[in-house]
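To start, the structure itself, in structure tokens.
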Amino acid sequence: MIREVARPWAVGVVWIFWKREVLRYLRDRSQAFGGVSRTVLWLLILGYGLGASFRDIEGYTYSQYVFPGVMVLNVLFAGLQSAIVLVWDREVGLLRAVLVSPAPMLAVALGKLLGGATVALIQGSIPLLFAPLVGVSLSLKGLLLAWLIVFTLGIMVTGFGVVLASRMRNFEGFGSISNGVIQPLYFLSGSIFPLKGVVGGVGFLDIPEALRAELERLGIHTIGGGWVVELPLWLKALVYANPISYALDLLRYVTLGYAQLPLGLSLGVMLLCFVLTSLGASWAMGQMRKG
Amino acid sequence: MVAIRCAGLSRRFGSLVAVAGLDLEVEEGEFFALLGPNGAGKTTTLYMLITLLSPSEGEAYVLGRHVVREAEAVRRSIGIVFQDPVLDERLTAWENLEVYAFLYGLPLKVIRGAILEALAWASLEEAAHRPVRTFSGGMKRRLELARALMHKPRLLFLDEPSLGLDPQGRRQLWEKVQALRQEGLTVFLTTHYLLEAEAADRVGILDRGRLVALGSPKELKRRVLGQEEGSLEEVFLALTGRGLRDEEVSPKERFLSYRKRGGEHSR
């Protein structure tokens with residue numbers, strides 16, 4: 001398989017499939033609209049709405065807290081949307097023409113992943129336009145690192161989507177993907193609530209001793225004047241099991257400057273998932289030729 | 001030279017035998033039509049020849065190359081027009097042809113020329129930069145045929161190419177195919193439209209995975225009807241019976257109806 005790709009025209013195949021993904025995105029305004037509307041809903045409406053009663057998380061407003069999460073949400077949508085088109089492509093689209101051509105499938109897969117990640121990069125950058133509004137400021141270095149993470153995550157999500165799409169025989173709409181895959185991955189990534197965080201600064205110490213003990217049993221502790229909330233164990237387990245949590249935490253670190261998980265662990269998980277999803281997607285696309 | 005050779009070619013799907021021990025030879029330069037009722041195994045046979053399905057038993061050679069062991073060489077030398085378009089509807093005619101040129105590894109220097117030539121051949125120069133979703137059925141077919149010929153294949157497979165075309169579109173398509181035959185291209189056709197098969201050099205009739213008749217349209221009429229008058233349709237019905245062949249709706253048809261209803265992300 002490797003030797004096939006080494007041939008010069010395989011590069012052309014990668015290029016043309018990258019171009020196809022980007023062109024398809026540019027021709028479909030609804031996708032960009034979705035990216036903007038999601039950003040406005042989560043960052044501004046939910047951000048300011050919940051922010052009014054939430055005060056802050058680790059010193060960040062709620063809008064700021066969800067900021068990296070909204071970038072990730074847009075990447076999830078873009079990557080899976082790029083990948084899920086394969087289901088259509090196989091039954092009523094271009095894919096059969098690809099399968100009966102001599103083009104190496106690994107090159108096709110690579111073009112697909114890079115194209116999906118490019119679209120994810122554009123969609124994932126939409127929240128950056130709103131950054132001044134919610135008071136997130138990024139240095140040039142921070143911006144470049146954020147883009148690197150978003151692009152890598154784009155490849156991961158597209159790759160995961162390609163594997164998913166290759167197993168799907170029936171498909172009645174994107175709704176099932178949105179509700180069944182994107183939203184669980186998003187909600188369980190620490191995007192909208194902290195794993196453990198100081199919420200608000202109202203005097204914990206002013207509360208009667210008995211009530212304080214009661215709160216501690218519920219997982220609410222105190223550090224200084226703040227309230228530290230711990231998630232229930234089952235929820236915590238789900239968040240830790242979700243690879244998106246680690247990519248999001250890295251993104252949170254470069255955009256906001258704080259992390260909830262050990263950086264080394266996040267980097268390791270991300271690298272591992274990147275390799276696994278790329279290999280998985282290449283394998284899945286190669287399998288499509290074996291009828 | 002023999003363009004297609006099948007020896008004991010079979011394909012099973014679970015317990016269903018779609019194609020059972022097919023022996024067939026098609027000469028180079030020949031126009032061969034494979035006929036049969038729904039579910040007879042036409043598409044399965046075609047898919048094995050174009051390397052999309054692997055045979056359960058038996059062997060097939062296309063232009064002297066083994067369809068499994070030398071699949072890539074087979075793919076390089078054949079052109080295919082599928083039952084329904086395999087175009088990207090969001091892309092323009094030009095962009096679709098460009099994708100195809102890269103898939104077949106045409107040298108960068110010739111790609112532009114090849115696209116222009118294909119567009120001219122399909123009389124689509126004016127529509128070159130319009131998205132394919134704005135095309136009529138006939139325009140899409142012409143584009144598909146031009147696309148399938150871009151890499152100068154020696155053998156052209158046509159799978160129900162007239163499906164969904166109006167009489168004008170169908171006539172145009174067949175004029176194009178006839179012109180190609182003049183140039184010596186081998187054509188392998190599967191179809192329901194028996195009138196189209198009348199023009200074939202030889203016809204094979206497939207029923208329940210087996211070849212029940214093989215010969216020129218004239219020969220078949222003489223053998224089955226006892227005279228050279230009459231139509232292939234009479235031959236076909238005499239051989240395969242008049243019972244209706246209902247198939248379960250395929251995922252593809254479900255997809256198409258979903259798309260017709262305007263399902264999200266279906267283009």
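Read-outs throughout are calculated quantities, based only on the coordinates presented, and are distinct from any laboratory measurement. Just so we're clear, the structure is a prediction, and the values are computed from it rather than from any experiment. Note: ideal-geometry Cβ built from the backbone for every residue, glycine included; neighbour counts use all protein chains shown.
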C-alpha center-to-center spacing [the range B:23-71, the range B:97-140] in angstrom: 28
Cut-off 13 Å between beta-carbons: net charge of the residues surrounding A:Val22, Lys and Arg +1, Asp and Glu -1: +2
Theoretical gain in end-to-end length, B:Glu57 to B:Arg208 [0.36 nm per residue, Cα-Cα removed]: 52.7 nm
Hydrodynamic radius by Kirkwood, which averages 1/r over all alpha carbon pairs of the range A:1-107, in angstrom: 16.9
Gaussian network model of chain B, Cα within-10 Å springs - most flexible of B:Gly138, B:Gly105, B:Gly215: B:Gly105
Under 30 Å from A:Lys141, Cα to Cα: lysines that are on another chain or at least 8 residues apart: A:Lys19, A:Lys112, A:Lys196
Angstrom value of the Kirkwood radius, inverse mean 1/r, which spans all Cα pairs in the range B:68-218: 16.4
The range A:82-163: translational diffusion in µm²/s, Stokes-Einstein, Kirkwood Rh over Cα pairs, 25 °C, 0.890 mPa s: 171
Shape parameters for the range A:67-122, alpha-carbon atoms, Rg then Dmax in Å: 13.3, 45
Mean ellipticity per residue at 222 nm, deg cm²/dmol - from DSSP H runs of n ≥ 4 across the protein assembly as shown, formula -39500 (n - 2.57): -16500 deg cm²/dmol
Estimated FRET transfer efficiency when R0 is 45 angstrom, pair A:Ile45-B:Ser15 (beta carbons, to 0.05): 0.20
Summed residue charge, Cβ within 10 Å of A:Gly111's Cβ, Lys/Arg positive, Asp/Glu negative: +2
Net charge of neighbours whose Cβ lies under 13 Å from the Cβ of B:Ser216, counting Lys and Arg as +1 and Asp and Glu as -1: -1
Using a Förster distance of 22 Å, the FRET efficiency for B:Arg133-B:His192 (Cβ separation, nearest 0.05): 0.25
Percentage, to the nearest whole number, of Cα pairs in chain B over 33 Å apart: 22
With Cα atoms, 0 to 90° folded angle of helix A:243-256 axis to chain A main axis: 60
Degrees, to the nearest 10: A:29-39 long Cα axis against longest axis of chain A: 20
Sites B:Glu183 and A:Ala241, calculated FRET efficiency, Cβ-Cβ separation with R0 56 Å, nearest 0.05: 0.35
Gaussian network model of chain A, Cα within-10 Å springs - most flexible of A:Pro232, A:Pro208, A:Pro194: A:Pro208
Within a Gaussian network of chain A (alpha carbon springs, distance under 10 Å), most fluctuating of A:Leu114, A:Leu185, A:Leu143: A:Leu143
Cα pair count fraction exceeding 18 Å, expressed as % - the range B:1-116: 59
Cα pair count fraction exceeding 37 Å, expressed as % - the protein assembly as shown: 43
Between 0 and 90°, nearest 10: helix A:8-27 axis offset from chain A longest Cα axis: 60
Rel. contact order, % - alpha carbon contacts under 8 angstrom, at least six apart, chain B: 24
Volume in Å³ per residue [convex hull over Cα atoms, computed for the range B:129-241]: 131
Cut-off of 10 Å, at most 12 other beta carbons, DSSP loop: longest stretch of chain A lacking such trypsin sites (Lys or Arg not before Pro): A:1-168
In nm, spacing of pseudo-spin labels at B:Glu228 and B:Glu126 (7 Å Cα→C-beta vector): 4.5
Along principal axes, Cα extents of chain A, largest first, whole Å: 75, 36, 35
Cα centroid separation - the range A:137-164 against the range B:176-204, whole Å: 52
Test item: Cα-centred dipole of the protein assembly as shown, Lys/Arg +1 and Asp/Glu -1 on Cβ, debye: 500
Potential extension, A:Leu129-A:Ser178 segment - 0.36 nm per residue separation minus Cα distance: 15.2 nm
Inter-chain shielding of B:47-55 (mean C-beta neighbours from other protein chains, 10 Å cut-off): 3
